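The values are calculated or read from the model by the stated rules, or taken from the named source; none is laboratory data. Keep in mind it's a predicted model, so treat the numbers as computed, not measured. So basically every Cβ, Gly included, is an ideal-geometry build from the backbone, and we count neighbours across all protein chains shown.
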Amino acid sequence: MKPITHAISVQEHSGLLLHSPLEHTPNAINFEDNDSRFTLLESEQKGRALVDSFRDAIITIKPPFCRFTSGNLIALKMFNVKCEADFLTHSLGELSPERQPGGLDSAGEAQKMIEKALREGFHSFEWMHRRIGGEEFPATVLLSRVELNGKVFLQGVLRDITDSKRMESLLYLQSRALEAAANAIVITDSKGAIVWANSAFATYTGYSLEEAIGKNPRLLKSGQHDAKFYQDLWITILAGKVWHGEMINRRKDGTLYNEDLTITPVRGASGTIEHFVAVKQDITLRKQIETRIAEQAALLDKTQDGIVVRDLEGKILFWNKGAESIYGWTSQEAVGRSILEAFRTDQKIFEELNELTIKHGQWEGEVNHLTKDGREITSEVRCTLIRDGQGRPKSILSVNTDITEKKKIEAQFMRAQRMESIGTLAGGIAHDLNNILAPIMMSIDILEAMVQDPQAAGILKCIKISSARGADIVRQVLSFARGMEGERIEIQPKHLLKELEHMIKDTFPKNIRLHFSIPNDLYMILSDPTQVHQILMNLCVNARDAMPNGGDLTIGVENCEFDEHYAAMNRQAKAGHYINISVTDSGTGMPPGLMDKIFEPFFTTKELHKGTGLGLSTVMTIVKSHEGLINVYSEPGKGTTFKVYLPATESSAEVLRTQQVSSPRGKGETILVVDDEVSILTITNRTLQAFGYNILAAVDGAQAVAIYAQFKDTIAAVLTDMMMPIMDGGPTIRALTRINPTVKIIAASGLNTNADVAKLSGTGVRHFLTKPYTAATLLETIRTVLDEA
């Protein structure tokens with residue numbers, strides 16, 4: 001049996017026999033008088049109260065059968081006995097299990113303990129007891145030999161150590177667990193000296209525990225961290241807070257290793273910090289893997305293709321920078337999101353694609369997707385099935401290439417081939433028609449001189465008009481087929497416009513109100529007057545037909561200059577001087593989808609016999625042959641504007657250039673420029689810097705909001721595009737006005753329809769610029785906005 005180190009001494013409890021063997025109670029003693037009897041009874045009651053107040057069980061047993069002769073209240077509770085009378089019916093053997101821990105017989109061992117206590121006067125040991133009801137519990141036992149009136153008793157002091165044994169077991173398990181832990185665990189005193197460490201610490205560092213105990217963890221210092229790093233660490237833990245972070249340390253052999261470190265302060269009973277517990281995890285391999293993964297991810301981000309990994313249910317697991325650029329979702333937004341939501345692909349298409357990829361291991365094809373901002377794009381998708389270590393399908397890797405522009409170019413090429421074929425065919429037909437119409441028209445002139453009958457003259461006139469119309473159509477066909485190679489001379493456009501004004505007033509319906517704007521100082525152009533006249537007539541006839549119930553027809557012309565800024569925003573334009581001829585009607589307008597087709601040969605929305613579909617294609621051919629360009633602005637119900645730009649002659653431009661007023665300059669104001677097109681952002685920044693402005697640049701709305709929040713006190717105005725990935729113009733404007741309700745914003749877009757969006761996005765929008773615009777227009781607009789109150 002295990003000896004008891006904390007048992008109460010015999011001398012300490014010698015007075016306990018006041019409440020001991022039953023045969024020595026006052027009833028068994030002859031008293032000389034009542035006063036003595038009362039005094040003894042009173043003394044016994046006080047002694048019993050004292051014994052019942054102890055937290056240990058106090059018992060007496062009588063050898064050799066070890067039956068209980070007394071027990072205090074704690075003893076009754078300990079053995080789950082209801083009353084003392086019931087307790088006295090049991091013996092020590094009855095309230096013990098058959099066997100003690102280790103398989104020892106309880107009866108035999110109990111006899112040895114009793115004999116030793118009787119022989120030596122007292123004996124302490126641990127013993128497994130059994131409560132009434134069967135529950136076993138450990139207790140420390142101190143047996144003391146007591147003699148009274150010649151009889152021998154054993155007095156016992158029992159303490160239930162169930163909780164302490166459980167705690168010992170728990171501490172033992174904790175100790176074993178800490179020692180067996182894969183992570184290094186180190187305990188230091190309040191000054192940082194190591195007082196304990198487990199085996200993992202020795203494995204990690206190469207220092208034996210004997211070498212480490214008493215040393216400061218600075219022996220692992222690598223020199224990879226500055227003094228502030230350690231200073232911040234100590235400030236944190238001395239304040240009683242847990243510090244967690246990563247650290248680079250040096251092993252005994254000099255090699256460096258990475259560890260994930262958590263240091264926890266431990267306070268003592270007084271509340272002061274007495275120890276620090278550090279848990280260290282070697283993450284060197286993990287950091288190496290993370291570095292390799294980061295390098296691979298960086299390589300993947302270099303590609304323009306969108307690289308996406310998703311699980312078989314469609315949840316996105318990886319999303320590179322290329323995918324961000326194509327679809328507008330950031331990696332943080334995309335990862336964890338369904339591929340159906342990110343690509344906005346029809347579920348049926350996704351399921352078919354998934355099934356084919358899993359079945360064949362790969363799939364290639366073209367898929368139409370919608371970007372985050374709602375633009376429809378065409379992606380060339382190459383899917384590859386990824387399997388796990390057991391060969392089971394795990395995920396799908398897809399490499400997506402945005403081929404939207406490529407498809408447009410292909411369509412344009414096909415259209416050009418088709419137009420070339422149509423032109424060749426039309427040229428041949430027109431040649432034959434000219435041969436047919438020539439004698440008819442000559443015959444009509446002869447017949448008009450010969451016929452006197454008014455009715456016949458009327459018929460001839462009708463034939464003549466129809467023939468002339470047919471000849472005009474043939475000329476348009478020939479112009480389209482052969483190109484515009486007419487004789488080029490230097491002409492003044494305002495003379496052609498004056499002739500056009502008279503013609504329109506004489507021939508157009510009176511319910512069409514004509515407005516002309518012709519300045520005197522116009523550039524000269526090098527052109528075929530007939531071809532320019534043809535441009536103007538075709539555009540005006542289209543405008544007339546778009547206003548069947550009348551309306552306003554506005555024709556204007558002005559000098560303009562395409563600078564590098566404008567050319568960067570419009571690939572068709574070249575820097576230089578132009579005249580701009582605009583034809584605007586207040587008619588029915590056109591939807592966006594229709595404007596992509598209006599310049600195709602033979603395309604028309606007019607009723608049968610009311611249009612050939614060659615008017616605008618002829619205009620486009622003439623403009624291109626002059627190295628000019630044409631823009632169209634139209635909205636349903638709001639009319640249409642055609643703007644034709646024809647290059648001016650250098651001599652006239654040079655003369656007028658000297659008369660122009662220079663563009664307004666900045667006064668050191670800071671402008672925030674927001675545009676996702678790098679070329680536009682670059683040329684805009686250069687232009688504004690050259691004219692005295694300070695520039696802050698952002699490639700999307702989210703970055704713009706972050707920059708504005710940081711520098712709002714210095715930013716004088718914001719120039720923002722309306723169509724951008726991640727966060728487009730509308731939300732950007734609203735976010736900026738929430739930060740500063742008085743912010744001055746200039747919105748810009750290649751679509752006129754975005755002007756209304758910009759105005760609705762916030763009161764901060766002071767002006768709207770339609771792309772492309774010149775540097776002069778930009779500078780004047782910014783100056784105007786900045787000078788506003």
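Does segment 185-239 hold any residues that are among the β-branched types (V, I, T) and closer than 23 Å to T255 by Cβ, and which are they?
Matches in segment 185-239: I185, V186, I194, T203, T205, I213.
Just the residues that are in a loop (DSSP other than H, G, I, E, B) and surrounded by 15 or more Cβ atoms within 10 Å (Cβ to Cβ), please, taken from segment 389-408.
I403
Could you tell me which numbered condition A411 fails, if it satisfies all but one of (1) outside any strand (DSSP E or B); (2) modelled with pLDDT of 75 or more?
Status for A411: all satisfied but (2).
If we only count strands (runs of 3 or more DSSP E) wholly inside segment 284-381, which ones have 2 or more residues that are within 15 Å of the chain's Cα centre (by Cα)?
Answer list for segment 284-381: 316-319.
Looking for whichever is closer than 19 Å to G192 by Cβ, in a strand (DSSP E or B) and either of a type in the set (S, T, Y) or assigned by TED's automatic domain parsing to the domain that holds E211 (or both) here; the options are E274, E246. Which one fits?
E274
Does I235 qualify as being buried (at least 16 other Cβ atoms within 10 Å of the Cβ), within 22 Å of L220 (Cβ to Cβ) and modelled with pLDDT of 85 or more?
no
Looking only at segment 196-227, which residues are surrounded by 14 or more Cβ atoms within 10 Å (Cβ to Cβ), among the small types (G, A, S) and part of a loop (DSSP other than H, G, I, E, B)?
Residues satisfying the conditions are G206, S222.
Where residues in segment 354-388 are among the acidic types (D, E) and under 23 Å from E333 (Cβ atoms), which of them is surrounded by the most Cβ atoms within 10 Å (Cβ to Cβ)?
My answer is D373.
Does A181 satisfy being under 46 Å from the mean Cα position of the chain (by Cα) and at pLDDT below 85?
Yes: the conditions hold for A181.
Does segment 128-144 contain at least one residue that is in the same structural domain as V266 (by TED's automatic domain parsing) and acidic (D, E)?
No: zero hits.
Can you tell me which residue is nearest to D728 (Cα to Cα) among those in segment 680-706 that are touching a Ser or Thr at 6+ places or on another chain (Cβ under 6 Å) and either in a helix (DSSP H, G or I) or acidic (D, E) (or both)?
Only one residue tops the list, namely G701.
Look through segment 627-651, keep the residues that are among the polar types (S, T, N, Q) and outside any strand (DSSP E or B), and return whichever of them is surrounded by the most Cβ atoms within 10 Å (Cβ to Cβ).
Here the answer is T649.
Could you please find all residues in segment 713-732 being at pLDDT below 90 and of a type outside the set (S, T, Y)?
D721, M722, M723, M724, P725, I726, M727, D728, G729, G730, P731
Among residues belonging to segment 53-110 that are aromatic (F, W, Y) and buried (at least 18 other Cβ atoms within 10 Å of the Cβ), point out the one that is farthest from E135 (Cα to Cα).
Residue satisfying both the conditions and the ranking: F68.
So, in segment 523-537, exactly how many residues are surrounded by 21 or more Cβ atoms within 10 Å (Cβ to Cβ) and farther than 13 Å from I504 by Cβ?
So the answer is 7.
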